[in-house]
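Have a look at the structure below, then the notes.
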Amino acid sequence: MYPDHFIELIKTKIKKDWLFAFCSAFFTGLIIHLFRLTNHLLTWDSVYNFHDPQNIIHLGRCFLTLSCGIGSYYDLQWINGLLSLVYLSFTCVCLTEIFSLQSKVSIFLISALTVSFPTVASTFAYMYTADGYFLAMLFVTMAVLFTVQRRRGWIGGLFLIAAAYGSYQAYISYAIMLILTWTVLQLLFTETSVRDTLRYWGRFLLMGGLGTALYLICNKILSAIEGIAASDYNGISTMSLPDGSRLVQAVRDCIIDFVYFFFGPLDTMNLYKILNAALMILLAALLIRLVLLSKLYRNLGRLAMIFLCLAAMPFVCSIIYFLSPEVRYYMLMYAGFSVIYMLPVLLYDKAVLSFSALTSWLCVLLTAVTIFNFALISNIGYLYMKASNEMTFALTNRMVDRIEQLEDYDSLEKLCVIGHFEEYDTISLNLPPAMAGIRDSYFISEQAHFAAMMDTYFGLKLESCSDEERTEIQTGDTFKQMGCWPAKDSVIQIGDTAVIRIE
């Protein structure tokens, strides 16, 4: 078959709704995130990842090196960003099929919600690995789609779930949220019985359970081959099934996390919280109306299953709390919450004839304003990243200049930075919601950060001193007489080491 014939064959297989979903997501995402895709903006992690193979098995991401290898291992904001948008766009195509979307308005809104949700902007803060993460999101969505559409689709789905785990584990929440939402829609709008729904859940459990087992086996084998142990980072090394006390704590953490995501902190009011309050009120009203219209209260089995799926959502969104008591959730891990914002659109798409014109407009307009607000949040975050980068490059430039003016500069081999700037450990601004990867001050704080940045972006190659050497310098009389940055004597030379004292 010639290439032209192959292309013509593919064109006959592509549904118009698929193309519309793909283009809606891609071009909306391009408009919202264009500033990030055209600016090289760093975070504290990016300084180590100018080029990195992403072989981070110690974090359980044994396949990330393959996922990121498609776009090279460089921090290329344009290439990685476009690949990410392509993966997100294909994800939206899958969502169109999973939920059998009928309306062009619904397809556009679901696509726009997916690419504008704050998880995307927060992941783009770590652009060097964004494409690998969003490929994991596509994998879990395809796994759900295969399992929904084909009786034995769970077999292909389990391999996709394993690949997604090995690229970024947090997207398992997104997969389960899709399953819960699909189940609610099936029970509300189709004649699918509870028994048939449970059969579907049997497929989902096979897909998820066997996919998880396959991932764990692969990760174990690859870790043994490379001789790498699990990291303590974010509770990865302590993950296990919870006991009684941990189960209670996890339930509490999930509820707090859910409420805080939509409404915290409670001492301020803004558009984000107002829209979320409107979302919750509208969802409650729509669900009650649909239950009454379809007289589901006469079928307690279906009604109970709908209630259980909805009640499970806060715990699914933060499901990793059940696996580790030390986990700390941040915006990159919150993709599951995006499905909640899709619910009014999905209900509108399925029940448009049952809704009044006013109700339909409320669903559409609330979602549209939410998308606009997400776009604002993303670009405000990028603006802060730009300012933070300018400040940090200026700071590092001044430090390098001071180091190069030291009398015995040519003998320097090491760098020792002691102290930190105020609030250096703040990983997010007080934006609604908190955006990981964004700071309103210097984005680097540790000695290794400065050493890496001086090497990559200023051509000054100095090795970081060891903890023992740092302690020896810090307890010496010379250090005690130093001033704090930017004092004239805040940068000195001790032997072959450049020493910088910060507050």
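The values are calculated or read from the model by the stated rules, or taken from the named source; none is laboratory data. Computed from a prediction, not measured in an experiment: that's the story for all the values here. Methodologically, a virtual Cβ is constructed for each residue, glycine included, from the backbone with ideal geometry; neighbour enumeration extends over all protein chains shown. We work out accessible area using only protein heavy atoms, side chains counted, and drop any ligands, DNA or RNA first. Shrake-Rupley method; radii C 1.70, N 1.55, O 1.52, S 1.80 Å.
Scan (1) 84, 57, 54; (2) 67, 47, 46; (3) 56, 54, 47 for the value of Cα extents along the principal axes in Å calculated from this model and give just the label.
(1)
With every protein chain in place, what's the accessible area of residue 206 (1.4 Å probe, Å², nearest 10)?
Residue 206 has an accessible surface of roughly 70 Å² with all protein chains in place.
To check my understanding: the extent here is largest minus smallest coordinate of the Cα atoms along each principal axis. What are those three numbers for the stretch 29-148, in Å, largest first?
Here the spans come out as 45, 32, 19 Å, largest first.
Accessible area per residue, 1.4 Å probe, Å², for the chain: what's the number?
46
Quick one: compute the contact order of the chain, relative version, from alpha carbon pairs under 8 angstrom and 6+ residues apart, as a percent.
Value for the chain: 18 percent.
Restricted to Cα positions, what overall size does the stretch 278-376 have along the principal axes? Three whole-Å values, descending.
Each principal axis gives a Cα extent; for the stretch 278-376 these are 46, 40, 18 Å.
Output the antiparallel fraction of DSSP beta bridges having both residues in the chain, as a percent to the nearest 5.
Antiparallel bridges make up about 45 percent of those DSSP assigns within the chain.
What lysines could a cross-link reach from residue 295, if we take a straight Cα to Cα line under 26 Å and drop same-chain neighbours fewer than 8 places away?
Reachable lysines: 350.
Return one quarter of the surface area of the convex hull spanned by the alpha-carbon atoms of the stretch 312-455, equal to its mean projected area, in nm². List each step's numbers first, then the result.
Working: hull surface 50.7 nm².
Here the figure is 12.7 nm², rounded to one decimal.
Which percent of the accessible area of the chain is formed by carbon and sulfur heavy atoms (probe 1.4 angstrom)?
The nonpolar share, carbon plus sulfur, comes to 63 percent.
Can you list which of the DSSP-assigned H helices in the chain have a Cα extent of 24 Å or more along the long axis and an average Kyte-Doolittle score of at least 1.0?
In the chain, the long hydrophobic H runs are 16-37, 77-98, 127-149, 172-189, 271-293, 300-317.
For the charge dipole of the chain, defined by +1 on Lys and Arg C-beta atoms and -1 on Asp and Glu C-beta atoms about the Cα centroid, which residue among 49, 447, 258 has the Cα displaced farthest towards the positive pole?
258
Enumerate by residue number the trypsin sites (Lys or Arg not before Pro) in the stretch 260-310 meeting two conditions: DSSP loop (anything except H, G, I, E, B), and at most 11 other Cβ atoms within 10 Å of the site's Cβ.
Values: sites: 273, 289, 295, 298, 302; in loops: 295.
Qualifying residues, ordered by number: 295.
Just order 333-344, 483-494 by mean Cβ neighbour count inside 10 Å, highest at the front, would you?
Top to bottom by mean Cβ count within 10 Å: 333-344, 483-494.
Ignoring everything except DSSP H segments at least 4 long, calculate the 222 nm mean residue ellipticity for the chain; use -39,500 (n - 2.57) per segment, divide by total residues, nearest 500.
About -21000 deg cm²/dmol.
Order these peptides, 260-267, 246-253, 31-38, by their mean beta-carbon neighbour count within 10 angstrom, highest first.
Taking the mean over residues of other Cβ atoms within 10 Å, the ranking is 31-38, 246-253, 260-267.
State which entries of 386/414; 386/461; 104/273; 414/461; 386/488 exceed 20 angstrom in Cα-Cα distance in the structure shown.
Working: 386/414 29 Å; 386/461 25 Å; 104/273 28 Å; 414/461 8 Å; 386/488 28 Å.
Table pairs above 20 Å Cα-Cα are 386/414; 386/461; 104/273; 386/488.
For the chain, which cysteines have no disulfide-compatible partner, meaning no other cysteine Cβ under 4.7 Å?
Cys with no partner Cβ under 4.7 Å: 23, 62, 68, 92, 94, 218, 254, 309, 317, 363, 484.
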